[in-house]
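Below you'll find the structure, written out as C-alpha cells, and then a few comments.
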Amino acid sequence: MIKIHYGWLFSLLFFIALLCCSCGTTKSNTDDSVSAPPGYVPGQTSVLAPTADGTVQTGDEPLILDFSNASMGYFMGKVTSDNTKVNIQVTGEDDVVYNYFLETKDDWTAFPLTSGDGAYLILAFEDIGNGQYASLFSYPLDVTLENVFLPFLYPNQYVDFSADSKLVSLAASLSADAETDLDALRTLYEYVVTTLTYDNEKAATVKAGYLPDLDETLKTKTGICFDYAALLTAMLRSLSIPTRLAIGYSGDVKHAWIDVYIESVGWVEKVAQFDGNEWKFMDPTFDSVGKDSEAIREYIGDASNYTLQYVY
C-alpha cells in the first residue's frame, strides 16, 4: 500500500501547479517512429472518455476489471458489493508498483497504464478489516498502446474530469487567444495560481486516499496542492496537451513535478517543481533551451538528483 505524507506532499503539489514552464527543462529525444499527440488548437477542447466495453473482463464479486481498451492506455474497475473496499495493484515492466483503491459500488473508474508498452501484472485484494487485505485474483496483461501519449491525455482516478466538467469549458475560454501550447500552459497556470486560495486547514486534516473533486475546487476556489496540480493537469489534457503528474524525491526531500509535452520541443520534464526549499516557476524559452541557467541545466540534467516514484 502506498503511504504518502499528504500534508507535505500537498504543500509541494500546491506550488507545482504554481510553476509553469521553464528552468529545469529536459528535452526528450525525438523519435519519428513514435506516434504524435493530437495537437493543440487554440480554444478547442477534446476530452477522451474512458469506457468499459466488456470485451475483456476478469473478476466477479466484489470486483470486476475491464481491459477492453488497454491499448488506449487505461483499464476500468468497478466494485459490485456494498460496504466493500478493494486494492488494485498495477506493476509494469519498469517494476513500479501502483496501488489504487475503490469502495463505491457500481461506478466504473479509470486507471492509467503509465508504464507504456509491455507486460503488466494486475493484483486485486479485498479489505477484510484491521488493515488486512485478502487476495482476490491476479491478471497478466500485455499492452501495446495505439498512441504513446494516451495515458497522459485520458482522465483517470487521480485526474478525474469529463466533457461536462466546468474546467473543460473554462480551459477553452482561457486559451482562446493562446496561439501555442506553451502560451496555453502559461495562461492556465496563471489562472490556477491567481484564482485559487490554499486551504491550510484541509492540508492539515486530509486523510490518506484523498482524491480531488476538480469542479468542487473551481466552485470553492480553494484547495490543497493535489487539487491545484490535478486541476492544471486536467485542463491541459482537455486541450490535447499531454501532461504527466509525477511524484518522487529531490535528494531526500519529497518532490513533485509536472511534465508537459510541448510540440516544438518534446517532453519537458520538471516544468513545475519543488527545489527542496520552495516551489518555483521555471520559464525558459523552449525553442532556445541553451539560454537557461547553466547551473540549473547541470542540476536538472543529473538524474541522480531526482528519484521518480509515480506518474499519473
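Bear in mind that the values in this text are calculations on the coordinates, not laboratory data. Quantities reported herein were computed from a predicted structural model and do not represent experimental measurements. Neighbour counts run over all protein chains shown; Cβ positions are idealised from the backbone, glycine included.
Based only on other Cβ atoms within 10 Å, what is the fewest-to-most ordering of Lys221, Lys105, Lys202? Please report the intermediate quantities before stating the final value.
Numbers: Lys221 10, Lys105 13, Lys202 17.
Final ranking by Cβ density, sparse to dense: Lys221, Lys105, Lys202.
Tell me, what ³J(HN,Hα) does each residue in the stretch 117-128 have, in order and in whole Hz, if you take phi through Karplus 6.51 cos²θ - 1.76 cosθ + 1.60 with θ = phi - 60° and put x for Gly and Pro?
Once θ is set to phi - 60°, the couplings for the stretch 117-128 become 5, x, 8, 10, 10, 10, 10, 10, 9, 10, 6, 10 Hz.
Taking H placed 1.01 Å from N in the peptide plane, check which residues at least 5 places from Gln57 or on another chain put their amide H under 5 Å from its amide H.
So Gln57 has HN proximity to Phe67.
Among Lys85/Lys207; Lys105/Lys221; Lys202/Lys270; Lys105/Lys219; Lys105/Lys207, which pairs are too far apart, with a Cα-Cα distance over 24 Å?
Details: Lys85/Lys207 16 Å; Lys105/Lys221 29 Å; Lys202/Lys270 26 Å; Lys105/Lys219 26 Å; Lys105/Lys207 21 Å.
From the list (Lys85/Lys207; Lys105/Lys221; Lys202/Lys270; Lys105/Lys219; Lys105/Lys207), the Cα-Cα distance tops 24 Å for Lys105/Lys221; Lys202/Lys270; Lys105/Lys219.
What number comes out for the charge environment of Asp160, summing +1 per Lys or Arg and -1 per Asp or Glu over other residues with Cβ under 14 Å away? Write out the running numbers ahead of the final one.
Numbers: positive: Lys166, Arg237; negative: Asp107, Asp164, Asp213, Asp215, Glu216, Asp227.
Cβ neighbours under 14 Å give a net charge of -4.
Between the stretch 200-243 and the stretch 100-132, what is the C-alpha centre distance in whole Å?
21 Å
Give me the percent relative contact order of the stretch 59-145, please, defined on Cα pairs under 8 angstrom at least 6 residues apart.
Numbers: 193 pairs, mean separation 24.6, N = 87.
Relative contact order here is 28 percent.
Among Asp66, Asp82, which comes first, then next, by fewest other beta-carbon atoms within 10 Å?
Values: Asp66 23, Asp82 9.
Ascending number of Cβ neighbours within 10 Å: Asp82, Asp66.
Report the net charge of residues surrounding Ala176, where surrounding means a beta-carbon distance below 15 angstrom and charges are Lys +1, Arg +1, Asp -1, Glu -1. Can you show the working numbers first?
Details: positive: Arg186; negative: Asp177, Glu179, Asp181, Asp183, Glu190.
Net of charged neighbours comes to -4.
Would you grab the residues whose amide H sits under 5 Å from the one on Phe137? Only those 5+ places off in sequence or on another chain, please, with H modelled 1.01 Å from N.
Residues meeting the criterion, in which the H sits 1.01 Å from N, are Ala124.
Taking 0.36 nm per intervening residue step and subtracting the Cα-Cα distance, what contour gain separates Asp117 from Gln132 on full extension? Please report the intermediate quantities before stating the final value.
Working: separation 15, 0.36 × 15 = 5.40 nm, distance 3.21 nm.
Contour length minus Cα-Cα distance gives 2.2 nm.
What ranking do 47-60, 179-192, 229-242 get when scored by the average of other Cβ atoms within 10 Å per residue, highest first? Each step should come with its number before you reach the end.
Numbers: 47-60: 14.9, 179-192: 20.2, 229-242: 27.1.
Highest to lowest by the protection proxy: 229-242, 179-192, 47-60.
Under 5 Å between amide hydrogens, which residues at least 5 positions from Val206 or on another chain qualify, with H placed 1.01 Å from N in the peptide plane?
Those lying under 5 Å, H to H, from Val206: there are none.
Along the charge dipole of the stretch 62-123, which of Gln89, Ser115, Leu65 sits closest to the positive end, that is, farthest toward it, with unit charges on the beta carbon of Lys, Arg, Asp and Glu (+1, +1, -1, -1)?
Of the options given, the answer is Leu65.
Rounded to the nearest Å, what's the spacing between the alpha carbon centres of the stretch 58-77 and the stretch 138-160? Just the number, please.
11 Å
Around Asp106, with a cut-off of 14 angstrom between Cβ atoms, what is the net charge of the other residues, counting Lys and Arg +1 and Asp and Glu -1?
Working: positive: Lys78, Lys105; negative: Glu61, Asp66, Asp82, Glu103, Asp107.
That sum, taken over residues with Cβ under 14 Å, equals -3.
Using each residue's phi in the stretch 132-148, evaluate 6.51 cos²θ - 1.76 cosθ + 1.60 at θ = phi - 60° and report the 3J(HN,Hα) Karplus result to the nearest Hz, with x for Gly and Pro.
For the stretch 132-148, the Karplus-derived couplings read 9, 10, 10, 5, 9, 6, 10, 8, x, 9, 9, 10, 10, 6, 5, 8, 5 Hz, x marking Gly and Pro.
When a/c reaches 1.5 or more, the comparison of a/b and b/c decides; with that in mind, is the stretch 112-259 rounded, prolate or oblate per its Cα gyration tensor?
Numbers: a/c = 1.97, a/b = 1.32, b/c = 1.49.
Judged from the Cα gyration tensor, the stretch 112-259 comes out oblate (a/c at least 1.5, b/c at or above a/b).
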